[in-house]
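Let me begin by presenting the structure, written as structure tokens, before commenting on it.
No value in this document is a laboratory result; all are computed from the given coordinates. Since we're looking at a predicted model, the values are computed, not measured. Note that each Cβ is placed from the backbone with ideal geometry, even for glycine, and that neighbours are counted across all protein chains shown.
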Amino acid sequence: MPTFVQQSNGPSMARRVLFVVLIIAALAMLVVYANEGDEGPLHSAQSSVMGATGQVGGLGAGIGAAAESASTAAANATADPNTLEGLRQQNEELRQLLADAEEYRQEVDRLRGLLDMKQVSAVTGPVAHVIGRSTSAWDQSITIDLGSEDGVVSGMTVMGSTGVIGQVSRAAEHTSTVRLLTDPNSGAAVMVQSSRANGVVRGSLNGLLYLEDIDEDQLPVEGDVILTSGLGGSYERGLIVGAVVSVGDSTSNAVNTIIVNPNDSAEMLEEVIVVFKAPKVNVPATSSDSADTQDGETLALDGQTESSDVNAVEEADPTETALQEALLAQEEQEAELAADEDQNYEEYGEYEEV
Amino acid sequence: MLGSERIFVIVGALVAVVLQLFVAPYLSIAGAVPNFLLAFAMAVAIARGSSAGCLLPFLLGLVYDFVGGGPVGGMALVLMLVSVAAARGFQLVDNDSLFMALVPLAAGVLVVEVAYGALLLALGYQASLADMLIYRAFPCFLYDFVLGCILYLIARRWARPAGAARVELTQLR
């Protein structure tokens, strides 16, 4: 019998020892992880790794752009100098400008959506960029580019352009992990806007939000708006979570039968608002039950009602600043694009004549 | 000195980590995210048979735990145990055909997904067993099994120990 087969009949003692040691190490880490708090060493290390990988992901995009530029430069370098080199170069620049302008336009649209949301809900807080998404099927979370150095702490509410999307679950120095509402481990205390019935919205593995723990006589109907109630202090109060899209036939305390449409999906998120402070508003009233509004402050929903103190935010608004900068940059890009285009056409006309 | 198969395993593991970090999140289908680390570890375990160690699946599982947000040590433990068992099982079958290799590969990937889901549930993950199986374990199993088949075909060529060919020749005689 060959020597290899004899050696492979069983692992050596060293391999067995290593196997046992690794099992013990894995079990020890599991036990420590399950019993330590969010500030424990394993949680902290995990948060740091997730933040670092998110930042590296951003670098990866930069590397990709650099590689594309190098490729373009190489293509230009190999071109025949007697051809339309100048026009080609200008064409490339115009294309780049066009791409940049399109990027700015999309960014402006997104920031405008966020700004609208900030204005109608009158929250204060910085805009964060999404720099990473969950690499696991079991975890619905995103990584953003703001961390504890920027004032972000665990537990803060995070909003997209259409409402609440989740909560900061871990804050590292320069990045944070946001657990989305659609994660099965998420739970937000909410209320039905029309009936003021309190309940809990939970995520699920199928990506839907379920409204649970609702009183039997206060079951919502399709279209009812769901807002955070602020109970328990986990989420800021009065922020839009979504609207009821389906109510099952079950009666009291329906579980998994009342479906709420989630806000922006994780795949579409590029910028989010970290809510530092939400106004002390009463839960908004609809036209049918406006008598319930106590201080005359209302929260606008989908642009149907206007907040009476939209401009009450005293601090400089980072979203507005970002929007203005983006608009200015877009205008400059468009002007430059138009000027270059005219010049290009002129030169091309001259070339054709020649 | 490192043999070519070990170089393949090391480079492949690094590539799998990179793919998991930067590509996998964008390949999500209906909530199922591909697990390159699991697929690579299982493919190498089946390809190397008794020569497969326990360190690679442990390390890849640990990477998954740290970047995936799950309980640290969970995937490391499950992946190591299942890959070692699958490798030993494949060795006991004593049939080196492609089909017989894919059976333990499929079984291993499925067991890892279900066992990891069960572990999460035991640690307080807010989902039912049925939801776990229907919405995560089975879709992820299908995804990872397809990846595992591709990676196995590669690993079969590059990750097998040098003596494996001699064993096959001996069996043929």
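So what's the angle, to the nearest 10 degrees on a 0 to 90 scale, between helix B:4-22 and the longest Cα principal axis of chain B?
The helix B:4-22 is inclined about 20 degrees to chain B.
Looking only at other chains, what is the average number of their beta-carbon atoms within 10 angstrom of each beta-carbon in B:14-26? Intermediate values should be presented prior to the final figure.
On the way: counts 0, 0, 0, 2, 2, 1, 3, 7, 7, 1, 5, 9, 2.
The shielding value for this peptide is 3.
Quick one, what does Rg over Rh come out to for region B:1-65 if you take C-alpha atoms and the Kirkwood Rh?
Details: Rg = 12.5 Å, Rh = 12.4 Å.
Looking at region B:1-65, the ratio lands at 1.01.
If we sort B:35-48, B:14-27 on the protection proxy, mean other Cβ atoms within 10 Å, highest first, what's the order? Show your work: numbers first, answer last.
Values: B:35-48: 29.6, B:14-27: 17.1.
Result, highest mean Cβ count within 10 Å first: B:35-48, B:14-27.
Would you mind counting up the charge near B:PHE138? Only other residues with Cβ under 15 Å from its Cβ, with Lys and Arg at +1 and Asp and Glu at -1.
-2
Take A:SER48 and B:LEU55, extend 7 Å from each Cα along the Cα→Cβ direction, and tell me the distance between the two endpoints in nm.
2.4 nm
Place the peptides B:114-121, A:229-236 in order of packing, highest mean first, counting for every residue the other Cβ atoms within 10 Å and averaging per peptide. Numbers along the way, then the final one.
Numbers: B:114-121: 20.5, A:229-236: 17.5.
Highest mean packing first, the order is B:114-121, A:229-236.
Can you give the convex hull volume per residue for the Cα atoms of chain B, as a whole number of Å³? Don't jump to the answer; show the numbers that get you there.
Values: hull volume 18.3 nm³, N = 173.
Enclosed volume per residue, from the Cα hull, is 106 Å³.
Within a 10 angstrom radius of each residue's Cβ in A:182-191, how many Cβ atoms of other chains show up on average? Whole number is fine. Please list the in-between numbers first.
Numbers: counts 1, 4, 9, 5, 1, 1, 0, 0, 0, 0.
Average per residue, whole number: 2.
Using alpha carbons only, how many degrees (0 to 90, rounded to 10) separate the axis of helix B:138-158 from the longest principal axis of chain B?
The answer is roughly 20 degrees.
Let me have the relative contact order for region A:84-191, percent, based on Cα pairs under 8 Å that are six or more residues apart. Walk me through the numbers before you get to the answer.
On the way: 138 pairs, mean separation 21.1, N = 108.
Result for region A:84-191 is 19 percent.
When you look at the Cβ of every residue in B:71-83, what mean number of other chain Cβ atoms sits within 10 Å?
On the way: counts 9, 14, 11, 6, 3, 7, 8, 1, 1, 5, 4, 0, 0.
Shielding by partners across B:71-83 averages 5.
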